[in-house]
Amino acid sequence: MGKYFGTDGFRGEANVTLTVEHAFKVGRYLGWYFGQEHKAKIVIGKDTRRSSYMFEYALVAGLTASGADAYLLHVTTTPSVSYVVRTEEMDCGIMISASHNPFYDNGIKVINGKGMKLEAEVEQKIEDYIDGVTGELPYATKENIGKTIDFSAGRNRYVGYLISLATRSFKDKTVALDCSNGSAFSIAKNVFDALGAKTLVINNEPDGTNINTNCGSTHIDVLCEFVKNHQVDAGFAYDGDADRCIAVDENGNVIDGDGIMYICGTYMKEQGQLNHDTVVTTVMSNIGLYRALEEKGIRTEKTAVGDKYVCENMMANGYCLGGEQSGHIIFSKHATTGDGVLTSLKMMEAMMEKKQPFSKLVQELRIFPQVLINVKVSDKQEAMNDEEVKTEADAVAKALEGNGRLLLRPSGTENLVRVMVEAETQEICQEMAERVAKKLEKYKA
């Protein structure tokens, strides 16, 4: 990770740690970097945060000042930006979003010409420019100044693409969608309506400050209650930029990313569609998922936390399904990033083709109890390198060996150290996680 760019872009509180000056300079550098040999074409999308409009204009100013043309998708999802970059031969894409974070945070995600997260070496060059390490860049003048193009048609093409991927109609199915007052509000319902579902939508009235507030994939209990009260066949909750999805079965029970990978992985293997009979996960996936997939003859590979690393592994090895417990699921045949709405469609395909509800499709997956404690610290690396912390973590890991595990890691996007424990009982998880978390308290911010 760099000084500004973490595992999911440049993220921080708007106009505090991520300012309009930062956005302008990111635009300036990207416009110059991709426009050295031709006029750069760069597409921009944004979520529904109030500050997203401010950052959009700052980025556009930087891009056009460097001579690039800026194509605006307006409010849209991260995967739609990735899709447009790939299909419209853009040099890169920019998504303005802080994903599942509160509305006062925001972020700048840069997507390369292949529709994947920008390479670390280019991110480092942007950081060097922001910090004045490299020299000033020339301004475009006269006819070389870039122009801004309304490109909402690109978002509409993405909606059409999603609809085209469905294998059958959803007629006679009732589907609930929690759009998190975020990007999905302009896309998800249109897709499900077009496929014939009776679509019930909640949290789809963004006002600039209510994105992710007691709704969406990070507050899944809201959708669970809605499903229980409305006789729904399936529910799907998205995060602010709709690159992740958490599902809810017909009884109101949560199916997280691990459950989604189990349902889709086993279904795809049965259909002969699971390349190399392998699913790619991060180290955060539950032990229960690995055991259940193994019983079905499915291999797994583990990566560091971040859909960026999952995608890199999949592309390097020809795998077609991977993701995170948090709901970033990648179907590499159709997309190069996590896509919440696409994930919903693939889940519906498994339900429709197997003629079974989600509760049946996931019943052989036994999830181990898990406790995650996030400790807010002043210095992540100092906390991780503390000898008392490492000694206690080693002792807990040894105690859990064979019947559980400990994962201790710094957050890639926040000043947090995450302590995750899996074990056979909730009580053991809580006790072991608290032992390690207690050692981190000296570094609390």
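Placing +1 on the Cβ of each Lys and Arg and -1 on the Cβ of each Asp and Glu in the range 5-156, which of 138, 51, 26 has its Cα farthest towards the positive end of the resulting dipole?
In the range 5-156, that residue is 51.
With both bridge residues required to lie in the range 257-401, what share of the DSSP beta bridges run antiparallel, to the nearest 5%?
Here the antiparallel bridges make up roughly 30 percent for the range 257-401.
For the range 18-93, what does the relative contact order come out to in percent, with C-alpha contacts under 8 Å and a separation of six or more?
That works out to 41 percent.
Would you mind classifying the chain by shape? Square roots of the alpha carbon gyration tensor eigenvalues, ordered a ≥ b ≥ c; an a/c under 1.5 is rounded, otherwise it is prolate if a/b is larger than b/c and oblate if not.
In terms of gyration-tensor shape, oblate.
For a Förster distance of 25 Å, can you work out the FRET efficiency between the beta-carbons of residue 275 and residue 168, rounded to the nearest 0.05?
0.60
Please name which of 399, 104, 417 has its Cα lying farthest along the dipole of the chain towards the positive end, using unit charges on Cβ (Lys, Arg +1; Asp, Glu -1) and the Cα centre as origin.
Ranked along the dipole, the leading option is 104.
P(r) for the range 370-443: what percent of alpha-carbon pairs falls in each 5 Å bin, starting at zero?
3, 19, 32, 24, 15, 7, 1
Sort largest first and round to whole Å: the equivalent ellipsoid semi-axes of the range 201-324, each the square root of five times a Cα gyration tensor eigenvalue.
In descending order, the three semi-axes are 29, 18, 12 Å.
What is the chain's relative contact order, in percent, from Cα pairs under 8 angstrom and six or more apart in sequence?
13 percent
Using the Cα centre as the reference, give the magnitude of the dipole from point charges on the C-beta atoms of the range 312-445 (Lys, Arg: +1; Asp, Glu: -1; all else neutral), rounded to the nearest 20 debye.
380 debye
Calculate how many DSSP beta bridges within the chain are antiparallel, expressed in % of all such bridges and rounded to the nearest 5.
If I count the DSSP bridges inside the chain, around 50 percent turn out antiparallel.
Roughly how many Å is it from the Cα centre of the range 378-445 to that of the range 39-61, as a whole number?
Using only Cα atoms, the two centres lie 38 Å from each other.
State to the nearest 20 debye the size of the charge dipole of the chain about its Cα centre, where the only charges are +1 on K and R beta carbons and -1 on D and E beta carbons.
Charge dipole of the chain: 800 debye, to the nearest 20.
Find, among the GluC sites (Glu not before Pro) in the range 1-45, those assigned to loop by DSSP (not H, G, I, E, B) with at most 10 other beta-carbon atoms within 10 angstrom.
Filter output for the range 1-45: 37.
5 Å is the cut-off here: which amide hydrogens, built 1.01 Å from N in the peptide plane, fall below it relative to residue 94, excluding neighbours closer than 5 in sequence?
Result for residue 94 returns 43, 44, 45, 111.
Rounded to the nearest 500 deg cm²/dmol, what is the calculated helix-only ellipticity per residue at 222 nm for the chain, with -39500 (n - 2.57) per DSSP H run of length n ≥ 4?
Per the formula, -11500 deg cm²/dmol.
If amide hydrogens are placed 1.01 Å from N in the peptide plane, which non-local residues have theirs closer than 5 Å to the one on residue 274?
269
Once you charge only the Cβ atoms, +1 for Lys and Arg and -1 for Asp and Glu, what is the size of the charge dipole of the range 370-443 about its Cα centre, to the nearest 20 debye?
Numbers: 11 positive and 15 negative charges, 38 e Å.
Here the range 370-443 has a charge dipole of around 180 debye.
Which aspartates and glutamates does residue 171 reach when only Cα atoms under 13 Å apart count, and residues fewer than 8 places away in its own chain are ignored?
Excluding near neighbours in sequence, the set is 193, 233, 349.
For the cross-link pairs 41/109; 46/117; 173/346; 173/333, which exceed 19 Å when the distance is taken from alpha carbon to alpha carbon?
From the list (41/109; 46/117; 173/346; 173/333), the Cα-Cα distance tops 19 Å for 173/333.
Rounded, prolate or oblate: which one fits the range 5-156, using the alpha carbon gyration tensor with axes a ≥ b ≥ c (rounded when a/c is under 1.5, else prolate when a/b beats b/c, else oblate)? Kindly include the intermediate steps, with their values, before the conclusion.
On the way: a/c = 1.43, a/b = 1.09, b/c = 1.30.
Rounded is the answer for the range 5-156, as its axis ratio a/c remains below 1.5.
Where both partners of a DSSP beta bridge lie in the range 5-156, what percent of those bridges are antiparallel, to the nearest 5?
Once the DSSP bridges in the range 5-156 are tallied, antiparallel ones form about 40 percent.
Restricting to Cα atoms and excluding each atom paired with itself, what does the Kirkwood estimate give for the range 74-139 in Å?
Values: mean 1/r = 0.0752 Å⁻¹.
Here the Kirkwood hydrodynamic radius works out to 13.3 Å.
Please list the non-local residues whose amide H lies under 5 Å from the amide H of residue 140, H modeled 1.01 Å from N, same-chain partners needing a gap of 5 or more.
Amide H neighbours of residue 140, under 5 Å, 5+ apart: 66, 67.
What do you get for GluC sites (Glu not before Pro) in the range 123-179 restricted to DSSP loop and a cutoff of at most 12 other Cβ within 10 Å of the site's Cβ?
136
Rounded, prolate or oblate: which fits the range 151-239 when a ≥ b ≥ c are the square roots of the eigenvalues of the alpha-carbon gyration tensor, with rounded for a/c under 1.5 and prolate only if a/b beats b/c?
oblate
Which listed residue (342, 190, 167) has the Cα farthest towards the positive end of the charge dipole for the range 166-361, taking +1 on Lys and Arg C-beta and -1 on Asp and Glu C-beta about the Cα centre?
167
The numbers here are math on the coordinates, done by the rules we state, and not lab data. Quick caveat: nothing in here was measured; it's all calculated off a predicted structure. Neighbour counts run over all protein chains shown; Cβ positions are idealised from the backbone, glycine included.
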